Amino acid sequence: KPRFITLFFLVLGLWIFGTGEAILIGAGIGVSPWTVLAQGITEQTGFTVGISTFIVGVLVLLFWIPLKERPGIGTILNIILISMAIDVMEPFIPKQTETTLGMLQAAIGIIFVGIGSALYLTANLGPGPRDGWMTGLQQKTGWPISRVRISIEITVLILGMALGGTFGRGTIMFAIGVGPVVAMCLG
């Protein structure tokens, strides 16, 4: 049973993470690979990006079954809270039409995602569905974790783009910037 303060930082981190994704969406210049997929699903179904994110999270969690991965409370809350935060916060986020402002807003979104990730990771209450899938695949295949992660991210990005999700400068900024921001926040 997690302590209240640990659960608080888990919830706070997940909400900040989802808010960062909403900020990236509002920037209008591309989003993280998984949100490209969610946007593509939204284009095809009419669901909100948050609902599409929720559906993707549940589907990825189902991929854990053959890998014999076990979710924690953090895994379940990840699926719920990030999806909710995207849909709740997106209407309050400015929609950019100028590239320079879009890049600035994307940078802010990436910082939010990095801070949220660090808070969520330090709670240590179960991996996110995508991270658990990555580590489970790595254990089954024996491939280096970097190869597994990049294979997943590229596949998700291509699928999302094919469905109509937004790839652009923000996507590249995210790919380059999120790791260092998480590292700084954890350091």
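A short reminder: the numbers here are calculations on the coordinates, not readings from a lab. What you see is a predicted model, and the numbers here were worked out from it, not measured in a lab. With ideal geometry, Cβ positions are generated from the backbone for all residues, glycine too; neighbour counts draw on all protein chains shown.
Below, the figures for the structure above:
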quantity: Some residue of region 83-93 being touching a Cys at 6+ places or on another chain (Cβ under 7 Å), surrounded by 20 or more Cβ atoms within 10 Å (Cβ to Cβ) and on the phi < 0 side of the Ramachandran plot; calculated: no
quantity: Residue, farthest from PRO33 (Cα to Cα), within region 136-152, restricted to residues that are of a type in the set (Val, Ile, Thr) and buried (at least 17 other Cβ atoms within 10 Å of the Cβ); calculated: VAL148
quantity: Residue identified as assigned to a loop (DSSP other than H, G, I, E, B) and either crowded, with 17+ Cβ neighbours inside 10 Å or touching an Asp or Glu at 6+ places or on another chain (Cβ under 9 Å) (or both) among GLY126, GLY160; calculated: GLY126
